[in-house]
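To keep things clear, I will list the structure first and then write my remarks on it.
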Amino acid sequence: MAEQDDPATAFAARPPPEMPQLVRSKDWSRTPLGAPETWSESLRLAVDIVLSSGFPMALRWGPDFILIYNDAYKPILGEKHPWALGLPAREAWSEVWPQIEPFHRAIMDRTSEAVFTEDTLLRIQRYQGRWDDAHFTLSYSPTPDPTAPGGIGGIFVTAIEITERLEAERQVRETQKALNQANAALEAERTFLRDLFQHGPSFMAVLRGPEHRFELANDAYGQLIGHREVVGKTVREALPEVAGQGFVDLLDGVYRTGEAYSGRRLLANLQRQADGPMEQRYLDLIYQPILGADGEVGGIFVDGFDITERVAAEEALRRLNDTLEQAVEVRTRERDRLWRSSQDLLVVIDTGGTFQAANPAWMTVLGWAEDEVVGGNHLQFIHPDDRAAAEQSLVSAANGGFPVLECRCQHKDGDWRWISWIASADGDLVYASGRHITAQKQAEEALANAQTALRQSQKMEAIGQLTGGVAHDFNNMLAIVIGSLDIAGRRLQRGDAGIETYLAAAREGATRAATLTQRLLAFSRQSPLAPSVTGVNTLVGAMSEMLLRTLGERIELETVLAGGVWPTHVDANQLESAILNLAVNARDAMPDGGKLTIETGNAALDDAYVAKEVGVAPGQYVMVAVTDVGTGMSAEVLEKVFDPFFTTKPVGHGTGLGLSMVYGFAKQSGGHVRVYSEPGRGTTVKIYLPRYFGSLEEASNAARPSVTPPPASGVEVVLVVEDEARVRQMSAEALRELGYVVHTASSGEEALNLFDGLGRIDILFTDIVMAGMTGRQLADALRQRVPDLKVLYTTGYTRNAVVHNGVLDPGVAFLPKPFAVADLALKLRSVLDG
């Protein structure tokens, strides 16, 4: 037995620790810690603890975490020792400092008492030019120091590297796994071989001894012999019917000589089913000797296939070959007869486009004889406009495609005939068949022309209905305006009092005409929208009082405002008008009174929903629904509900533009409208507006109270540009009444000439659509001279000068015509004060 080392001797043999000497000899005055004689008692004690510890320990002291470590810590540093002694931790461990700094800060800030991690992965560079993925068990503990801010002077770090241990454990696991991916493979191989033998496609058996006793037989062998039990029996016992057919003699020869046998054998008698008839089977056989360790034959491996069906097929093939020449001749005659009698154009083309053969139908359909076609290029018969498609079809067919081509082919008399071709390739040749479809094309063209004429007729009927409806309603309104003004004028001439009634009637007629115009613009999606982020709950809530006054006492109003409704980006004024229109329609559908419900909520329109709608995109929407319990609508009425000037109201009770306006506004806003109704069961109209993906706090206040504008100062200057004289005069007079200094111009060119002599303009109030220079062009030209010039646009129809995609351009102030003086005052003041 070997002697054990003396512990005292072994300890004495160890080299003396290096780090105490290095710490004592280092010039600490050049570090943030200063000379050792200035160190606090806590720092001195902490250094002594680190240097005397047998564990890998380090001290990181002060706000810079200056590094002091012991001998056991040196392997962790690698080539960074002794360079790292006295350095800030962020320099010594720069590559991992972002990862470990939070531990240090948490302890120094007293947000954590201590930190302990069992397995921390640090990617460190301790040997030059090499990165190591090292695993550590780490302990970070605070080091108290009464002289330090916060009472903590530094951090004790105990770092035990466990990389090698983890690697060893991993290798043990992998070795165990490999021993297990091996045992399993061996068992799987055995299983595979057993399955291969038992379920193989060929019949197999193992015979042992000179008496040829069955040791194994697979499923296919059992199927061959009628699934009789043979294992443990000799061939003579198991298959008595094969006696005298030479099989046992062959087995005896293989066993005796050790030479294999293979060949085809006829098994004349085999009983494959109990009590069944004897059958003849053809077998491909292999008798392979099984040699023992001494080289002697110990058994025979039997392998083979039952080829009875294959032999029968070969015999049938021989008989078929005897008649093949005759069959080919018959098929050739049939093919030639089809080639000659077909009414379709048949042609064989090489891949270069040259005709190799053409059938007689070329003469019948296109007037070309076979010898006039063969040898020519296919493009010479095709209309120039169709040749590119014909070339592409030939390439597609040559590459294995099955193209279909409709093109015009030239008749010998110069006319063009429509032919529908289909083609496929066989080797280097393309076979094509063409059907004459000129009559079909002419019928399609005639049908298309008839459909175009029908659509034009329907369009003219719709335009007639539209213009007739507009004319009817405008005539009624103008009759009120003209008649009221005429009576007011007569009474004014006579000096009579009481003309205010007729002036009010004229104003009402004019206002109704203006509303009709706005509805026309909304229906045609030409109304300029000024969208803003809007909360529909706030908007509907603010409308409640106005709706109650409008609907009257016989209508019960209920609002159902869902929680968490998304904001939407929409023109709030237009949405108010749409809801008001729907509410009035609902009131009219309940002549005896009833309940009107306005509901809000979120909705998601999926692909399945929008597939049944036209012009609707899938996504998230804000929904506003108006429901009544009125008379409802039939299916026939629902089909026309958005048609302009279609109405179920009596003559003189509405223009029929209400729902058309709602539909146009929703579509122009990127949304959707759906109507549900049944006769006698009421109607629900749902408006879907796109969700605004921002916070609800951004939603603008939908309640916009009427504000009386402050009076003008009397010195603010307005330049009015309007090409319609009476409108220009009315606007100027209204502005002067409001206290503004007003200058006028009849065109953009005149305004430019006038501008230089005015000296000062506070705001430009201009029509957009004018002959020559537009209002937008005028504003752009004036802003080149006065960049901060304020502009208010007006027009009855915006075109696209300040509106794009149905929405006002950002920063554009707009007042639609016609406008009341109060509207002009409010808008002008908001622009000037904005």
Rh (Kirkwood, all Cα-Cα pairs) for region 86-155, Å, reads 13.4 Å
Rg to Rh quotient for region 180-249, alpha carbon positions, Kirkwood Rh: 1.12
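Which chymotrypsin sites (Phe, Trp or Tyr not before Pro) does region 255-347 hold that lie in a coil by DSSP with at most 12 other beta carbons within 10 Å?
none
Of LEU492, LEU121, LEU77, which has the most accessible area and how do the rest follow, probe 1.4 Å? Working shown, then result.
Values: LEU492 115, LEU121 85, LEU77 0 Å².
If we order LEU492, LEU121, LEU77 from most to least accessible, we get LEU492, LEU121, LEU77.
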Rounded to two decimal places and with Rh computed the Kirkwood way over Cα pairs, what is Rg over Rh for region 1-160? 1.01
How much accessible area does ASP823 have with a 1.4 Å probe, in Å² rounded to the nearest 10? 80 Å²
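Once you've got the Cα coordinates, tell me which of LYS667/LYS817; LYS441/LYS612; LYS667/LYS790; LYS74/LYS177 are over 29 Å apart.
Working: LYS667/LYS817 23 Å; LYS441/LYS612 32 Å; LYS667/LYS790 32 Å; LYS74/LYS177 36 Å.
With Cα atoms farther than 29 Å apart: LYS441/LYS612; LYS667/LYS790; LYS74/LYS177.
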Under 5 Å from the placed amide H of TYR692, counting only residues 5+ away or on other chains, we find THR568, HIS569
Got a sec? What order do GLU444, GLU229 fall in by accessible area at 1.4 Å, biggest, i.e. largest, first? GLU229, GLU444
I need the trypsin sites (Lys or Arg not before Pro) found in region 573-614, filtered to DSSP loop residues with at most 13 other beta carbons within 10 Å of theirs. LYS612
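So which chymotrypsin sites (Phe, Trp or Tyr not before Pro) in region 146-214 pass both tests, a DSSP loop state and at most 14 other Cβ atoms within 10 Å of the Cβ? Mind showing how you got there, number by number?
On the way: sites: PHE156, PHE192, PHE197, PHE203, PHE214; in loops: none.
In loop regions of region 146-214 (DSSP not H, G, I, E or B), there are no sparsely surrounded chymotrypsin sites (Phe, Trp or Tyr not before Pro).
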As a test of reading the structure, rank MET363, MET546 by solvent-accessible area (1.4 Å probe, protein chains only), most first. MET363, MET546
Whole-angstrom gap from region 539-555 to region 757-795, using each part's C-alpha centre: 41 Å
Would you mind getting me the FRET efficiency between ARG340 and PHE402? Use the beta-carbon distance for r and R0 = 25 Å, nearest 0.05. 0.50
I'd like the accessible area for ASP780: 1.4 Å probe, protein heavy atoms, all chains in place, Å² to the nearest 10. 80 Å²
In a solvent-free Debye calculation with one equal scatterer on each Cα, what is log10 I(q)/I(0) for region 524-612 at q = 0.18 Å⁻¹, listed in the order of the q values? -0.93
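The values are calculated or read from the model by the stated rules, or taken from the named source; none is laboratory data. Because the structure is a prediction, the values reported are computed rather than measured. Virtual Cβ from ideal backbone geometry, glycine too; neighbours counted across all protein chains shown. Each accessible area value is taken on the protein alone, full model and side chains, heavy atoms only, with ligands, DNA and RNA left out. Shrake-Rupley method; radii C 1.70, N 1.55, O 1.52, S 1.80 Å.
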